[in-house]
Amino acid sequence: MKIVFMGTPDFSVPILKKVNEIYGVDLVVTQPDKIVGRKKVITSSPVKNMAKELGIEVFQPIKIRKDYQRILDVKPDIIITAAYGQIIPKVLLDTPKYKAINVHGSLLPKHRGGAPIQRSLMNGDEYTGITIMYMGVKMDAGDIIEQDKLKIESSDTKDSLFEKLSIMGTDLLMKTLPRIFAEEVKPLSQNQDEVTYSNNILREEEKINWGNNVEVIDRHIRAFYNEPGMFTSIDDRTLKVYQGKIHQCNNFEKNHEKDANGKIIKLFDDGIGVKVNNGVYIITEVQLVGKKRMNVKDFLNGAGRNLITVGKVFK
């Protein structure tokens, strides 16, 4: 069996490892190396790093729609993709005997696009999941082979969902591949009336809107956890916000109903209490630009001592 695997982020790594363990992978296709951070370090994708560890050849086309001959040279029986990051040309979809399939991090037809996991959190979805699908010319529009559902917990962040869905995707793919190779699957067309899109995250979405409801702010911060993180500003300084929680005391919230959204109304032992549209949000982990990321207790004892005071307003 000749297999080409296409993927880029951490989400794809367990899937690659398991496919290689069970079937063997002949070629890994991933995004080009990127220059990261202030020190401009050339950084490989997690999938490339794993492929090198496993001794698999890596192909990194800048634009796969123009540069795909190396994949055709393999003469793959199947192409397996998982969060690759580029639209795959039709010639590649038509070549393999068992076609090209995708491990997608949503319950299609909901959340087609590049940020399904983040946007399922942002939207307050009760469930997310994995879809194994045949790939088509249109993004995430192919026929569904198999699905599995996962409940989103109130404590889930982008990272925790990525990890859970990566494991779920690996397990579901391993159950599905034997049926694909035996030509026993009965794919279903997607219901066009239920299609929604989850486009990549925009820079302007990373800024906290303190005028939102506390539940919306909490979901957004969990959806942006670790990378890229959300941000706000105070005294013309940018503050990254990585974690927080909803304040649960209703009486306390009622006493501050007339305060401006974004106003710091109390400094707690473990966080900064901020007035929002319908309550109070407590910031618990932050980073001033140019400083270390830290919990709020340490921050208020250091760089934030004079910057964060009751009565100031985040913008």
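Structure notes:
Residue-wise test of (1) in a helix (DSSP H, G or I); (2) in contact with a helix residue (DSSP H, G or I) (Cβ under 6 Å, 6 or more places away or on another chain); (3) surrounded by fewer than 20 Cβ atoms within 10 Å (Cβ to Cβ).
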site: Arg65; (1), (2), (3): no, no, yes
site: Asp73; (1), (2), (3): yes, no, yes
site: Val103; (1), (2), (3): no, yes, no
site: Lys110; (1), (2), (3): no, no, no
site: Gly114; (1), (2), (3): no, no, yes
site: Thr128; (1), (2), (3): no, yes, no
site: Lys138; (1), (2), (3): no, no, yes
site: Asp148; (1), (2), (3): no, yes, yes
site: Leu161; (1), (2), (3): yes, yes, no
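- Scanning the stretch 194-215 for residues that are assigned to a loop (DSSP other than H, G, I, E, B), surrounded by 12 or more Cβ atoms within 10 Å (Cβ to Cβ) and free of Cβ contacts under 8 Å to residues at least 24 places away in the same chain yields a count of 1.
- Flag if Ile132 is assigned to a strand (DSSP E or B), at pLDDT 95 or above and either surrounded by fewer than 14 Cβ atoms within 10 Å (Cβ to Cβ) or over 20 Å from the mean Cα position of the chain (by Cα) (or both): no
Residues checked against (1) exposed (fewer than 13 other Cβ atoms within 10 Å of the Cβ); (2) without any contact (Cβ under 8 Å) to a residue 60 or more places away in the chain; (3) closer than 20 Å to Leu307 by Cα:
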{"position": "Asp218", "(1), (2), (3)": "no, no, no"}
{"position": "Ile221", "(1), (2), (3)": "no, yes, no"}
{"position": "Tyr225", "(1), (2), (3)": "no, no, no"}
{"position": "Ser233", "(1), (2), (3)": "no, no, yes"}
{"position": "Ile265", "(1), (2), (3)": "no, yes, yes"}
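- Lys240 being surrounded by fewer than 20 Cβ atoms within 10 Å (Cβ to Cβ), without any contact (Cβ under 8 Å) to a residue 40 or more places away in the chain and either at negative phi or in a loop (DSSP other than H, G, I, E, B) (or both): no
- Set Leu172, Leu107, Leu188: member being hydrophobic (A, V, I, L, M, F, W, C), more than 22 Å from Ser12 (Cβ to Cβ) and either in the same structural domain as Tyr84 (by TED's automatic domain parsing) or over 18 Å from the mean Cα position of the chain (by Cα) (or both): Leu188
- Test for Gly55: is it out of contact with any Lys or Arg (no Cβ under 8 Å at 6 or more places or on another chain), closer than 23 Å to Lys99 by Cα and not assigned by TED's automatic domain parsing to the domain that holds Lys291: no
- The strands (runs of 3 or more DSSP E) found entirely in the stretch 1-60 that carry 2 or more residues being crowded, with 21+ Cβ neighbours inside 10 Å, touching a residue at least 40 places away in the same chain (Cβ under 8 Å) and of a type outside the set (Gly, Ala, Ser) are 3-7.
The values are calculated or read from the model by the stated rules, or taken from the named source; none is laboratory data. Only a predicted model underlies this, so the values are computations on that prediction, with no experimental measurement involved. Glycine gets a Cβ as well: all are built from the backbone with ideal geometry, and neighbour counts include every protein chain shown.
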